[in-house]
Structure formats: C-alpha cells, structure tokens
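Q: Have a look at this one before I ask anything.
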Amino acid sequence: MFENSDDDWETYGAENPYWGVMSNEKFLAENLDDQAMADFWASGEHDIDTVFQTIERHVDPGFQPRQVLDFGCGVGRLLFPISRRCEHATGVDVSPSMLAEAKRQAAGKSITNVSFIETNDCRELGEQQYCLVHSYIVFQHIPEDRGYVLLDRLLASLRSGGVGVLHFTFSNRRFWYWRLLRRIPFNKQLRNLLKGRALNAPHMQMNEYDLNIIMKKLWLQGASNIHVTFTDHGVIGAIIYFQKA
C-alpha cells in the first residue's frame, strides 16, 4: 500500500508549488520566469473555458453558479478563472504551503471573492452547499480507498441541481509497476534510493480508480445529464460532468 501522500504534497507546496501543480520542467522553481508564469495562468484560463463550455453544451444550458468548490486547488491555477464566473469560489487543498501561495497570488491579482480551506478529509466543508464542485488532476494522486471517501463528501456538498466536474484516472499503462510497488514496504524510500535521490524526497503517486464504483456513487445521487471526456497524460483518465438530482 502506498504511504500517505500528504507530506509529499506539503514538500511540493513549500519547494516547487508550480511544478507540483503542472509537472513541466519550465514550472520548476529554478526555471520560473515571467513567460513561464504567464503560460501557467493561461493554461488555467483555457481549461476553465473548456469546462464551462462543456457544461453549457452538455449538462446545463445557461449555467451560472453562485458558490463553487475547487477540490485540490493548489496555487489557484483553476480557482482564479472559476472565481471570475461565480459569486464566490472556495479552494480546498491539503498543503498549507500551496494555500499560502494561492492566497499571495489572490492578493496580488486583487481577487477578493475567494476563500480557502485546508483539509485532508473534507470534514471541514461542514454543511455548506455548492452549485459547482470541480476537481481536475487531483484524485489521481490520492490512494483510491481514501479517494472514494473524499468523493462521497464532495457529492454531499453539491446542492440539488448542482453540477459536478470530477476527473479520475482509471488505466495506467504501467499498472504492473505500480501494483508491484504497493506490495513493497517503504516503496518510496526504495524508489528514491534507486534513483539516487534523498530517501525522503517526495513522490507523485499515480493511482487508478474503478469507474464502476464512481458511476454507482453518481447513480445513488440521482445524477443525470452525464457527459464524459477522456484525458491522456500518460495515464488514461475521464472528466465526468453530471447534474445532481
């Protein structure tokens, strides 16, 4: 079984927050320049444009959310474009350093309709209900057993008639490698040793989810207007759009 990934994400948040969000070499701390930063934020605008166009076309024409939740918001790459399309956007992340950078960026961009929640289990969401619950390239880094529990809590926070946009990876071409690693104690330290890195260097997990389990959870919520688009970042994934009954 993989180790808890929270400490790894806090390390990324403290040392390489932009690369932790998008693992392209130009976003490494030592490579960040004005052009790289512009590319980073532009990618978020593009992705959220696509999300809202897809919702409009396939899920809920005329969709205008008031309260939005972005799960795994990181430094705000997607949260900030979302905030320009709603009354208030809430970013949730497990890493306090990621959230500190997101707050710094929000202040620098004069974005005032955002708030942040640090949590590793989503219990802090409380009774708040959201018109849109969004998460992209996040669950793949969370072990599945834990991810299914988080999914239940996110679904509970979505109001009736609200829209969900959630991304899950489900087919890793190197499945044999990852499944073997799960059986090896201290697998992170072993991988780091073999690669000549510090034993406690962070590791970015890539996990597979069972779409049968996810779809049953959506069915139990009475989800309708379901639309799926596929992703391939080396691991095949699905962005699932739906509307809660």
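Q: From 75, 92, 51, 68, which residue is in a loop (DSSP other than H, G, I, E, B) and buried (at least 18 other Cβ atoms within 10 Å of the Cβ)?
A: Going through 75, 92, 51, 68 in turn, the sole match is 75.
Q: Same structure, new question: Pairs under 7 Å by beta carbon, first residue touching a residue at least 12 places away in the same chain (Cβ under 8 Å) in region 108-129, partner among the polar types (S, T, N, Q), six or more apart or different chains?
A: Hits for this filter: 111/83; 113/83; 114/83; 115/90; 117/90; 125/157; 128/157; 129/157.
Q: Moving to a separate point now. Has region 169-179 got any residue that is modelled with pLDDT of 60 or more and buried (at least 20 other Cβ atoms within 10 Å of the Cβ)?
A: yes
Q: To continue, here is another question. Suppose we filter region 139-151 for residues that are surrounded by fewer than 22 Cβ atoms within 10 Å (Cβ to Cβ) and either among the β-branched types (Val, Ile, Thr) or assigned to a helix (DSSP H, G or I) (or both); how many remain?
A: Summing the residues that are surrounded by fewer than 22 Cβ atoms within 10 Å (Cβ to Cβ) and either among the β-branched types (Val, Ile, Thr) or assigned to a helix (DSSP H, G or I) (or both) in region 139-151 gives 8.
Q: Name the residues in region 78-89 that are within 16 Å of residue 38 (Cα to Cα) and either in contact (Cβ under 8 Å) with a residue 60 or more places away in the chain or assigned to a loop (DSSP other than H, G, I, E, B) (or both), would you?
A: 78, the sole residue that qualifies.
Q: Restricting attention to region 119-137, which residues are under 12 Å from residue 91 (Cβ atoms) and assigned to a loop (DSSP other than H, G, I, E, B)?
A: 119
Q: Also: Collect the residues in region 23-34 that are closer than 18 Å to residue 78 by Cα and either modelled with pLDDT of 95 or more or surrounded by fewer than 14 Cβ atoms within 10 Å (Cβ to Cβ) (or both), keeping them in residue-number order.
A: The answer is 27, and nothing else.
To keep it simple, each residue is scored yes or no on (1) modelled with pLDDT of 95 or more; (2) among the hydrophobic types (A, V, I, L, M, F, W, C); (3) in a helix (DSSP H, G or I); (4) under 19 Å from residue 219 (Cα atoms).
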| position | (1), (2), (3), (4) |
| --- | --- |
| 104 | yes, no, yes, no |
| 112 | yes, no, no, no |
| 117 | yes, yes, no, no |
| 153 | yes, no, yes, yes |
| 156 | yes, yes, yes, yes |
| 162 | yes, no, no, yes |
| 167 | yes, no, no, yes |
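Q: Out of (1) buried (at least 18 other Cβ atoms within 10 Å of the Cβ); (2) of a type outside the set (D, E, K, R); (3) assigned to a helix (DSSP H, G or I), what's the single condition that is false for residue 43?
A: Failed condition: (1).
Q: Can I ask one more? Restricting to region 191-215, name every residue that is assigned to a helix (DSSP H, G or I), modelled with pLDDT of 95 or more and surrounded by 12 or more Cβ atoms within 10 Å (Cβ to Cβ).
A: Of everything in region 191-215, those that are assigned to a helix (DSSP H, G or I), modelled with pLDDT of 95 or more and surrounded by 12 or more Cβ atoms within 10 Å (Cβ to Cβ) turn out to be 211, 213, 214, 215.
The values are calculated or read from the model by the stated rules, or taken from the named source; none is laboratory data. For clarity, every value in this text was computed on a predicted model and none was experimentally measured. Methodologically, a virtual Cβ is constructed for each residue, glycine included, from the backbone with ideal geometry; neighbour enumeration extends over all protein chains shown.
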